[in-house]
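To start, the structure itself, in structure tokens.
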Amino acid sequence: MAADDTTLPAHYDPHAAFARYAPEWEASAVFRADPDAPGAPYCIVIPPPNVTGSLHMGHALNNAIQDVLARWKRMDGFNVLWLPGTDHAGIATQWVVERTLRAQGIERRDLGRDAFLEHVWRWKAESGGTIVRQLKRLGVSCDWSRERFTMDEGLSRAVRENFVRLHEEGLIYRDTRLVNWDPVGLTALSDLEVETEENVQGELWSFAYPLSDGSGEIVVATTRPETMLGDTAVAVHPDDPRYMHLIGKTVRHPLLDRAIPIVGDAILVDPAFGTGAVKVTPAHDFNDHEVGKRHNLPMLVIFTADAKVNAEGGPYAGLDRFVARRKIKEDIAALGLDRGAKPHLMTLPKSQRSGAVVEPMVSTQWFMRMKPLATPAVGAVEHGFTTFHPTQWENTYYAWLRDVKDWCISRQLWWGHRIPAWHCAACGGVTVSREDATACGRCGSAEVSQDEDVLDTWFSSALWPFSTLGWPERTPDLARYYPTAVLVTGFDIIFFWVARMMFMGLHHMGHVPFKDVYIHGLVRDENGDKMSKTKGNVVDPLQAIEAHGADAFRMTLIGLAGLGRDLLWSDKRVETWVRFQNKAWQAYRFLHMHVKEAPATPAALGPMDRWILARAGTCVERVRAALDAYRFNDAAAEIYAFTWYELCDWYLEFSKSSLYGEDGPAKDAARWTLWTVFHALARMLSPFMPFFAEELWRNLPGTTGTCVTQAWPKASDFPRDDAALAEVALLQEAIVTVRRIRSEKEIAPRVPLAATCDEALRVALAPHAAALRDLAGVTLGGGAKPASAATAVVGGHELHVVLEGVLDVAKERERLDRELERVRKSVSFLEGRLGNEGFVARAPAALLEKSRAELAADRETLAKLETARAALA
RNA sequence: GGGCGGGUAGCUCAGUCGGAAGAGCAGCGCCCUUACAAGGCGCGGGUCACAGGUUCGAGCCCUGUUCCGCCCACCA
């Protein structure tokens, strides 16, 4: 039979397979979930990518993992819903559109709210589908009929319902307090949206506040000189002998000519730090704010929304805060009050989105009360209703929730869910309502207008696991698929998203939103560096898919996904799986040369057939165990090892003597076995490499339908067969031994070898003469040890390979010396162990037995090696 | 300041129950062999970060040290 006797192409074409199967799957709705269908529910809600976004490696990994789980569970008989969607991404999207407009010379505020939002919606309609199209290139098996968007009608209703209910319950309130203010984005931010830039080189600058009575001065230090315009106290420690007598007196503000009280505050002031005296700016510093409240100090706001000095700053009014900083330092120096500066490493709070230095500002905002919500969310994980994988992330989750502060949920933006509160012009009352209010709930006046602000984008994301299933309606989907099975995400949004879904799910649904949380690592470049546009080391998943195909690309990510580890991406890694794919494809072509139609179940199987089937069963079992434990890299490694090292390296070679031989039971058995293994392999691979697996499935004789709806293989389909495993293990040992001897003695592969051994081994290997000949080029005979031979132990018996060619004596001596050293080491190790009373008394019996047997064998081998070595000396 | 993770072959990483250290890639040698040279066969390569401790026995358990990465908090 010739090599090209197959209709299959010489190489697998991933792009052709994608083009063939992706549209078919989508059209035939095989991934559409049906709540009325049988099967235990298994639901995953996608972490919705930002509509502004385009696919990056993090998305690719995240979705490859979800797809493996969804496809696997679907094939395994579960009623699977993988629900896709996108997030409106409030600030991010508004910024992108603003920037686009600005490039055309259009400012958001000139347009007005409605016109601007029209632009955003138009933009969303045009480019919002990009990331969805890109996800499809990965081959994700989402139910696109249920695709949701955080600002679609249903989800917006859920947002309102949530807001109104929590407001009714007193968990959402409006308050005026110090918040993180983004002076560029012109909006309040939550604590989480403030990022700290570490180790910024700044300076700690000291200046003197003269005492009002002229009796001296108090020196204070600051990293933010401009805030002195808002100072309304100087604080000292009440027990500090240097200052305690000054408490109650005042200092004079040297620039604004105000009196400023000196207060004693044990909480704020550490007498050992700096001068032991602290300037207090209650309106622009979180610690100082607390001091202000404790001592009833005025909250003097000195900045405008864009962080310029306001009228309170007297001569500095109108200056940017950093310009004011320089000017104030100069002026203080001119007054002779500068007391020096020293370099100071500090952290700088910056807006996650705009990058602007965040300014604490007193502002009226909406807040969500966290304590009553966070406590059950902690308990749910403590009691195991939700489990993190790897579990160490639970600590991170706890730590944040246990002392989380109230969540500022209002944003001074236009793009997002507008707050369902109406302010009354007549009485000043606030009406919170599910329906658009037309009259004040307090005084009945019709002069009501809706709150201008929108909600933090994470407010709607927090509802995602149930809002997407129809909440607040009681839909069949919600009943069937909530709680979801697993949330797959990155550690960076445990606080932003995971924790918030937990407490919202518990609050509204009375049950956790997901049973498992799988936290995957970050995809880095091959040097372990974070991918970033500025570094230019970003790998575009679409280009990688274009270059290598979706199957190999996905499998590379899966193979790198170890629990609790970041992933280092390298094109070399993809090549591993491209080669794997080719290897499996070539083996599949081999099958096609020999199997033209679905083979009938044979009367009997040979030992190699039984062996590979048993090995396939083990592989299935291990892959299942790995997936159950979210050990994706292990699953990939098992598939790789089975396919390459067992199926290709051994079984295909074993099968050749039958397949190329006479027609008969052996050939029938081999054909059936080969077909059966691929029948399972295609299904096993389908969750990982769906297009490749589909190509295998469709071209396998006797199959119908698509692979993605077949049953994932079960270990019980492949009975254990210890006899076959032992028999083939012995044969493999014999083959490898002869190959090694051949390589060591530098005997060309085409030179046939003969070998002798004792009767027991000869009988055991007799049925496998063909395999020994084809795979090791050796013929086994009985009889005594030949004069010139290389001897090795196989299955506890000696095997003597007759050396026909000229033996390189020097090399042989070297080899024997190496071998002697190895065996002597082994003997000495085993003697030491068995001479150890503790070991003999406490080691497991099996280990003790094994050690004794090994020692006896080693001693025998040693004697023989010594004899052989002496003969060569 | 508090917390988490990591340090195992040249590189990237496994190592589950404490019992002689594993894989892929890279390297070296041999081979175009009729599924596959995108391949086959064989080989070499280790102070398991360091120091103590527990144990008959430690990569694994305990204590300490050190280096790298990350998170949180604070920073007058």
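The values are calculated or read from the model by the stated rules, or taken from the named source; none is laboratory data. Just so you know, these numbers come straight off a predicted model, no measurement behind them. Glycine gets a Cβ as well: all are built from the backbone with ideal geometry, and neighbour counts include every protein chain shown.
See the values below:
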quantity: Residue, nearest to residue A:213 (Cα to Cα), within region A:248-267, restricted to residues that are within 15 Å of RNA strand B (Cβ to nearest atom) and free of Cβ contacts under 8 Å to residues at least 40 places away in the same chain; calculated: A:263
quantity: Selection from region A:411-436 of residues that are of a type in the set (Gly, Ala, Ser), under 19 Å from residue A:114 (Cα atoms) and out of contact with any helix residue (DSSP H, G or I) (no Cβ under 7 Å at 6 or more places or on another chain); calculated: A:421
quantity: All positions within region A:410-427 that are modelled with pLDDT under 95, in a loop (DSSP other than H, G, I, E, B) and crowded, with 19+ Cβ neighbours inside 10 Å; calculated: A:413, A:414, A:415, A:416
quantity: Neighbours by Cβ (under 6 Å, 6+ apart or cross-chain): first from region A:742-759, within 11 Å of residue A:803 (Cα to Cα); second in a strand (DSSP E or B) and within 13 Å of RNA strand B (Cβ to nearest atom); calculated: A:753/A:778; A:755/A:778
quantity: Of residues in region A:371-394 being under 16 Å from residue A:563 (Cα atoms) and in a helix (DSSP H, G or I), the one nearest to RNA strand B (Cβ to nearest atom); calculated: A:393
quantity: Near pairs, Cβ below 6 angstrom, 6+ apart or cross-chain, from region A:429-450 (closer than 19 Å to residue A:175 by Cα) to any residue that is of a type in the set (Phe, Trp, Tyr); calculated: A:431/A:422; A:450/A:422
quantity: Residue within region A:844-856 that is under 48 Å from the mean Cα position of the chain (by Cα), surrounded by 13 or more Cβ atoms within 10 Å (Cβ to Cβ), within 10 Å of RNA strand B (Cβ to nearest atom) and not in a helix (DSSP H, G or I) present; calculated: no
quantity: Residues located in region A:679-723, provided they are under 10 Å from residue A:620 (Cα atoms) and surrounded by 17 or more Cβ atoms within 10 Å (Cβ to Cβ); calculated: A:680, A:681, A:684, A:712, A:713, A:715, A:718
quantity: Failed criterion for residue A:625 (all others in (1) outside any helix (DSSP H, G or I); (2) more than 17 Å from residue A:652 (Cβ to Cβ) hold); calculated: (1)
quantity: Residues within region A:238-267 that are within 15 Å of residue A:219 (Cβ to Cβ), assigned to a loop (DSSP other than H, G, I, E, B) and within 53 Å of the chain's Cα centre (by Cα), tallied; calculated: 1
quantity: Close pairs from region A:1-17: first near RNA strand B (Cβ under 10 Å from one of its atoms) and charged (D, E, K, R), partner modelled with pLDDT of 90 or more and in a helix (DSSP H, G or I), Cβ under 7 Å, at least 6 apart; calculated: A:5/A:593
quantity: Enumerated strands (runs of 3 or more DSSP E) restricted to region A:115-213, each holding at least 1 residues that are touching a residue at least 24 places away in the same chain (Cβ under 8 Å) and over 29 Å from residue A:273 (Cα atoms); calculated: A:172-182, A:187-189
quantity: Residues located in region A:103-135, provided they are closer than 17 Å to residue A:149 by Cβ and β-branched (Val, Ile, Thr); calculated: A:120, A:130, A:131, A:132
quantity: Condition check for residue A:542: away from RNA strand B (no atom under 11 Å from the Cβ) and either part of a loop (DSSP other than H, G, I, E, B) or of a type in the set (A, V, I, L, M) (or both); calculated: yes
quantity: Test: residue in region A:526-539 that is without any contact (Cβ under 8 Å) to a residue 24 or more places away in the chain and acidic (Asp, Glu); calculated: yes
quantity: Which numbered condition residue A:503 misses (of (1) more than 12 Å from RNA strand B (Cβ to nearest atom); (2) surrounded by fewer than 19 Cβ atoms within 10 Å (Cβ to Cβ); (3) in contact (Cβ under 8 Å) with a residue 12 or more places away in the chain); calculated: (2)
quantity: Odd one out for residue A:536 among (1) in a loop (DSSP other than H, G, I, E, B); (2) more than 15 Å from RNA strand B (Cβ to nearest atom); (3) at negative phi; calculated: (3)
quantity: Any hit, region A:339-353, residues being under 17 Å from residue A:285 (Cα atoms), among the charged types (D, E, K, R), over 29 Å from the mean Cα position of the chain (by Cα) and within 16 Å of RNA strand B (Cβ to nearest atom); calculated: no
quantity: Residues satisfying the stated conditions in region A:290-324, i.e. crowded, with 20+ Cβ neighbours inside 10 Å and under 42 Å from the mean Cα position of the chain (by Cα); calculated: A:303, A:307, A:321
quantity: Selected residue (criterion: surrounded by the fewest Cβ atoms within 10 Å (Cβ to Cβ)) from residues of region A:326-361 that are basic (Lys, Arg) and over 19 Å from residue A:182 (Cβ atoms); calculated: A:342
quantity: Which numbered condition residue A:579 fails, given (1) outside any loop (DSSP other than H, G, I, E, B); (2) in contact (Cβ under 8 Å) with a residue 40 or more places away in the chain; (3) within 13 Å of RNA strand B (Cβ to nearest atom); calculated: (2)
quantity: Whichever residue in region A:506-526 is closer than 26 Å to residue A:627 by Cα and more than 16 Å from RNA strand B (Cβ to nearest atom) and, among such residues, is nearest to the chain's Cα centre (by Cα); calculated: A:516
quantity: Qualifying helices (runs of 4 or more DSSP H) (wholly inside region A:428-529; at least 2 residues being under 21 Å from residue A:368 (Cβ atoms) and modelled with pLDDT of 95 or more); calculated: A:457-461, A:464-467, A:500-509
quantity: Single unsatisfied condition, residue A:360 versus (1) under 28 Å from residue A:483 (Cβ atoms); (2) within 16 Å of RNA strand B (Cβ to nearest atom); (3) at pLDDT 90 or above; calculated: (1)
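Let's see how each residue does on (1) more than 10 Å from RNA strand B (Cβ to nearest atom); (2) under 22 Å from residue A:210 (Cα atoms); (3) assigned to a helix (DSSP H, G or I); (4) of a type in the set (Asp, Glu):
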residue	(1), (2), (3), (4)
A:269	no, yes, no, no
A:272	no, yes, no, no
A:279	no, yes, no, no
A:282	yes, yes, no, no
A:287	no, no, yes, no
A:290	no, no, yes, yes
A:294	yes, no, yes, no
A:298	yes, yes, no, no
A:301	yes, no, no, no
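The rows are residues; the columns are (1) in a helix (DSSP H, G or I); (2) within 30 Å of residue A:139 (Cα to Cα); (3) at pLDDT below 95.
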site: A:651; (1), (2), (3): yes, no, no
site: A:662; (1), (2), (3): no, no, yes
site: A:674; (1), (2), (3): yes, yes, no
site: A:679; (1), (2), (3): yes, yes, no
site: A:732; (1), (2), (3): yes, no, yes
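Here is a yes/no grid of residues against (1) crowded, with 19+ Cβ neighbours inside 10 Å; (2) away from RNA strand B (no atom under 12 Å from the Cβ); (3) hydrophobic (A, V, I, L, M, F, W, C):
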position: A:606; (1), (2), (3): yes, yes, no
position: A:615; (1), (2), (3): yes, yes, no
position: A:619; (1), (2), (3): yes, yes, yes
position: A:625; (1), (2), (3): no, no, yes
position: A:637; (1), (2), (3): no, no, yes
position: A:643; (1), (2), (3): yes, no, no
position: A:659; (1), (2), (3): yes, no, yes
position: A:664; (1), (2), (3): no, yes, no
